[in-house]
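Report on the structure given below.
Please treat every number below as a calculation from the coordinates, not as lab data. Just so you know, these numbers come straight off a predicted model, no measurement behind them. Cβ: placed from backbone, ideal geometry, glycine included. Neighbour counts: every protein chain shown.
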Amino acid sequence: MNDEKLTLSINGKSFALDTDPKMPILWAIRDMLGMTGTKYGCGAGLCGACTVHIDGKPARACLTSVAQAQGKQVTTIEGLAAEELKQAWSDHNVPQCGYCQSGQLMSAAALLAENAAPTDAEIESAMSGNICRCGTYTRIKSAIHSVSKKGVSNKGASS
Amino acid sequence: MSTFTAVQNFSRRDVLKLFGATGGGLALGASGLSWSPMALAQDKEARLNLFIAIGEDNKVYLTCHRSEMGQGIRTGIPQILADELEADWQHVVVVQGLADKRYGSQNTDGSRSIRKHYDAMRQMGAMARTMLEQAAAQMWKVPVAEVSAKDHQVHHLSSGRKLSYGELAIAASTQPMPAKEAVTLKDSKDFKHIGQSHTIVDMQDMIDGKAKYGYDVQMEGMLYASITRPPVLGSDIATLDDSLARKVAGVVDVIRLKVPKGAPAFQALGGVAVIASNSWSAQQGRKALLITWTASANDSHDTTEYLKTLSERVKLPGKLARQQGKETRDWPEQSTINALYTVPYLAHAPMEPPVATASVTETGCEVWASTQTPQSTVQTVAASLGMKEEQVKVNVTLLGGGFGRKSKPDFSVEAALLSQKLQRPVKVSWSREDEIQNGYLHAISAQFYQAKLNDNKMPEAMLQRSAFPSISSTFAEGVDYPSAGELDLGFVDVPLAVESYRCEAVKAEAHTRIGWMRSVCNIQHAFGIGSFVDELANNAGVSCPKMWQALLGKSRKVDFADQGFKYGNYGEELSRHPVDVGRYLNVIDIVEQALNKQPAVKAGQGWGFAVHRSFTSYVAVAILVEVDSSQNLTVLKSIAAIDAGLIVNPDRVESQTEGAVMFGLSLAMMGEISFKEGKVQQSNFHDYPLLRISQCPEIEVTIVRSDAPPAGVGEPGVPPVAPALTNAIFAATGKRIRDLPVNKSLNI
């Protein structure tokens, strides 16, 4: 299929993959590498369930091909070092079904890495690409505020 | 994490080994290992009853036999068990129950997990506690009356001796099981877990990305399937060319699935399955299929036309469903007002679409599914495979949302049929497009409401008609009227003290699979009555809560006797879960008082109100909106009060109510599935949008403190939201929206 080996760098580890370079990393990460924390929700960049960080910036794994991720550092929920943010999620009892929360946390961590004390409007802007069908939005907002008040910048990248 | 950069070559097998071992992914052997990654009861456990086992390590293993889909039941059921057991929450391990008839119904729908199981779970906990006490008394050779279980130990009161549950586990498991009637239940003042907002047991896994949903099941040798299903109900494959699909890298097979005849029920829809070594290859292969379809009687289904038909029909008499007092035949034009309301088809859209993995061998079938109904999965899979039910084992994963869609086991049947053909484990993952286009939709509907007013502009007679294709049509061909059970959902059971009150059902044929969605027919019926009462209030110049209070009349319990129907009451006795006007009035009062404390509204703003009883709970909702001069709608605030009887986990009741408001806003503001030429027109979140964080209002929830039997929680918050929203829009603008969704009339 392709002679050159493709390599994905995920959470600080490199994985050689023998696959079509057009495959979205969502499926490479989940089906081929067995890391299932990154979720499928729409396959079209509409819901944010598959949000990962690529070189520290939030990106949709369903729209990022293996080829596009070459030479980039990918961080998934499994590699997200944002303990304070996760603690805030727990303290505010944010999740209901929990399925979208990996993506929510990845987007929130990326926001806080850029902006340690976001306003409501900034949170809404940064998080509006992440759908939660259970409707945990008000708690997501509160959880982000609770971390940002402390002035802590959560570095999303794990390495 | 360290910067480990050495390139490693991984085969799929290596990866499964690695992540299976470290918990990064879950590898399930095909040997029949159960789905309970973090909660397999240990070998040294001693089983006290169906729900409770205790390990010599002092852990208690509590079975949750209901499906977790965000409502918190994997925490709530164990809270009840643990309370009567006097278990220390730190030592509780939750085990997910397999499909098993011994649990009774496991159908996790109808907002009934706590409502129907609260008493039984208390009894199970108390029985196990009694066995621990008996075992300790025997060891100490003292009368059982001298010992008592408390905080994970049994104490001998006079001597001060004590034994831990772990120390007693084996001995307790050999004690005779007491009759459930023979055990003493705790006084509610002594509750330690019931009524507490315990953090959900899956919290850590969820925030670490380790929680395992149906989509996350992986097994050695597993294949991935993506299925093209008939785009119109009743059509079959006419021609299939799969030559291009078979050339797609990673595709291993293309399999035709038989399209069943007759009522769809829970059967697989049939179609063409592309089988591949990974999800993406299966999807790519599917795109390369060339399929033509046979004609269907539903090819002409067009929602614009259909809604016109229903809207005409509800203006004419229908079948009598309820008659309170004498029928009113005289409706003078000058003292009669009426209105017609419509709600479109709706899709469930759980964030995780339907998904199931099946492994069929010569001896049986094992399924891992994101299912609300493991038992109907067993039944339908067994019937589809030609196996006995005993040969089918169903494991329930976490559900990435359910909302009723995952009560239908069709997707598990698909996985089982494919695994049977391939003799390998197969995962069938529905795409978002599949979920939107091949669902079991919430029914499209039209309702007509009419009132004859007295001189004070108060109704002395009311007439209401409802038309929608019935869920029963999914299970029997030719059903073309709403069923009595559906009319019980917010239509015939509104206890208005109007002298003459008539309810009629109106004909509506089905053209697609109709299913139940969170709060079911309460959605359209609460929208109808909730809007009409507001119209009556505005006409009379009183507030909407005041009109409700006037229409409901004095506090009383209503049994609908001699009104021409037997009220189903969500499967509950009216003696235990009455239709209690006093409880309506109480939630109305709570929200009315909260409204009185709100600042005065600004120009372009308005509050709307609605109240509804469903699933034996009472919910009142007020919503504040703003509509600007460019007709842009903003939902600013929501106030909700819920009376769901006794509460097990207040935080989960609050979160369900918050979520119900969001669910209600999504459907009211932007929810619409439409059909043209028999096909669903929407496909993904761009044209079937859901509420986003930027559209979400501030929300305030009050939970009524009550000792009444536990009632429903997951669904009752949804119905009053849509009318509260459109009533608010009317208050803000004078514009009455009678046809959902709101985005047909305003920008959102």
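Which value in Å does the Kirkwood hydrodynamic radius of the stretch B:283-419 take, with 1/r averaged over all unlike C-alpha pairs and then inverted?
Values: mean 1/r = 0.0507 Å⁻¹.
Evaluated on the stretch B:283-419, it is 19.7 Å.
Rounded to the nearest 0.05, what FRET efficiency do residue A:7 and residue A:83 give with R0 = 30 Å and r taken as the Cβ-Cβ distance? Could you check?
Numbers: r = 29 Å, r/R0 = 0.96.
In this case the efficiency is close to 0.55.
How much net charge surrounds residue B:354 when only the other residues with a Cβ under 10 Å from the Cβ of residue B:354 are counted, with Lys and Arg +1 and Asp and Glu -1? Walk me through the numbers on the way to the answer.
Numbers: positive: B:405, B:406, B:408; negative: B:352, B:410, B:414, B:434, B:435.
Computed value for this residue: -2.
Report the calculated FRET efficiency for residue B:484 and residue B:236 (r = Cβ-Cβ distance, R0 = 35 Å), to the nearest 0.05. Numbers along the way, then the final one.
Details: r = 33 Å, r/R0 = 0.96.
In this case the efficiency is close to 0.55.
Grab the Cα-Cα distance for residue B:120 and residue B:593, subtract it from 0.36 nm times how many residues apart they are, and report the gain in nm with one decimal. Kindly include the intermediate steps, with their values, before the conclusion.
Numbers: separation 473, 0.36 × 473 = 170.28 nm, distance 3.74 nm.
That works out to 166.5 nm of additional length.
How large is the direction-averaged shadow of the alpha-carbon convex hull of the stretch B:518-610, in nm²?
Details: hull surface 32.5 nm².
Answer in nm², one decimal: 8.1.
Hey, what angle do you get for helix A:101-114 against the long axis of chain A, alpha-carbon based, 0 to 90 degrees rounded to 10?
80 degrees
List the residues whose amide H sits under 5 Å from the amide H of residue B:95, counting only those 5 or more places along or on another chain, with H placed 1.01 Å from N in the peptide plane.
Amide H neighbours of residue B:95, under 5 Å, 5+ apart: B:62, B:63, B:64.
Of A:70, B:237, B:501, which is farthest on the positive side of the dipole of the protein assembly as shown, counting Cα position, with +1 on Lys and Arg Cβ, -1 on Asp and Glu Cβ, and the Cα centre as origin?
Result: B:237, furthest along the dipole toward the positive end.
At a temperature of 20 °C and a viscosity of 1.002 mPa s, determine how fast the stretch A:44-118 diffuses translationally according to Stokes-Einstein, using the Kirkwood radius over alpha-carbon pairs as Rh; express D in µm²/s, rounded to the nearest whole number.
Working: Rh = 12.9 Å.
Rounded, D is 166 µm²/s.
So what's the Cα pair-distance distribution over chain B, bin width 20 Å, in %?
16, 45, 32, 7, 0
Once you compute Rg and the Kirkwood Rh from C-alpha atoms, what is the Rg to Rh ratio for the stretch B:481-538? Each step should come with its number before you reach the end.
On the way: Rg = 12.9 Å, Rh = 12.9 Å.
With Rg and the Kirkwood Rh in hand, the quotient comes to 1.00.
Can you tell me the alpha carbon radius of gyration of the stretch B:98-192 divided by the globular rule-of-thumb value 2.2 N^0.38 Å? Kindly include the intermediate steps, with their values, before the conclusion.
Working: Rg = 15.6 Å, N = 95, 2.2 N^0.38 = 12.4 Å.
The value comes to 1.25.
Treating the Cα atoms of the stretch A:1-151 as identical point scatterers in vacuum, please give the log10 of the normalised Debye intensity I(q)/I(0) at q = 0.08 Å⁻¹, two decimals.
Taking Cα atoms of the stretch A:1-151 as identical point scatterers yields -0.22.
As a test of the definition: which semi-axes, in Å, follow for the protein assembly as shown when you take the square root of five times each eigenvalue of its alpha carbon gyration tensor? Largest first, please.
On the way: eigenvalues 352, 261, 162 Å².
Taking √(5λ) for each Cα gyration eigenvalue gives 42, 36, 28 Å.
Over the Cα atoms, compute the radius of gyration (one decimal) and Dmax (the largest Cα-Cα distance, rounded to a whole number) for the stretch B:31-206, in Å.
According to the Cα coordinates of the stretch B:31-206, Rg and Dmax are 15.9, 52 Å.
Mind pulling the per residue volume of the convex hull built on the Cα atoms of the stretch B:204-316? Å³ is fine. Walk me through the numbers before you get to the answer.
Working: hull volume 21.7 nm³, N = 113.
It is 192 Å³ per residue.
Give me the number: length gained by fully extending residue B:475 to residue B:138, i.e. 0.36 nm times residue separation minus the C-alpha to C-alpha distance, one decimal in nm.
Going from the current span to full extension adds 115.8 nm.
For the stretch A:82-148, what mean projected area does the convex hull of the alpha carbons give, in nm²?
On the way: hull surface 14.8 nm².
Here the figure is 3.7 nm², rounded to one decimal.
What is the dipole size for the protein assembly as shown, taken about its Cα centre, with +1 at each Lys and Arg Cβ and -1 at each Asp and Glu Cβ, in debye to the nearest 20? Before the final figure, lay out each step's value.
Working: 91 positive and 93 negative charges, 62 e Å.
In total the dipole reaches around 300 debye.
Provide a whole-number value for the mean count of partner chain Cβ atoms within 10 Å of the Cβ atoms in peptide B:66-76.
Numbers: counts 0, 0, 3, 5, 10, 3, 4, 0, 0, 0, 0.
Per residue, the number of nearby Cβ atoms from other chains is 2 on average.
Counting only DSSP beta bridges with both residues in the stretch B:31-206, what percent are antiparallel, rounded to the nearest 5?
Details: 14 of 19 bridges.
Given both bridge residues lie in the stretch B:31-206, the antiparallel proportion sits at roughly 75 percent.
Calculate the radius of gyration of the Cα atoms of the stretch B:593-699 to one decimal place, then report Dmax, the largest Cα-Cα distance, as a whole number, both in Å.
16.5, 52
Do any GluC sites (Glu not before Pro) in the stretch B:67-174 lie in a loop, going by DSSP, with at most 11 other beta-carbon atoms within 10 Å of their beta carbon, and if so which?
Numbers: sites: B:68, B:84, B:86, B:133, B:146, B:167; in loops: B:68, B:86.
Listed in order of number, the matching sites amount to none.
Debye calculation, C-alpha points only, no solvent: report log10 I(q)/I(0) for the stretch A:6-78 at q = 0.18, 0.21 Å⁻¹, in the same order as the q values.
-0.57, -0.80
Antiparallel as a % of all DSSP beta bridges within chain B, to the nearest 5?
Values: 85 of 117 bridges.
So the antiparallel bridges amount to about 75 percent of the total.
Given only helices, namely DSSP H runs of n ≥ 4 each adding -39500 (n - 2.57), what is the per-residue ellipticity at 222 nm of the protein assembly as shown, to the nearest 500 deg cm²/dmol?
The helix-only estimate for the protein assembly as shown comes to -8500 deg cm²/dmol at 222 nm.
Over chain B, what relative contact order in percent results from Cα pairs under 8 Å that are six or more residues apart?
Numbers: 1722 pairs, mean separation 100.3, N = 748.
For chain B, the relative contact order is 13 percent.
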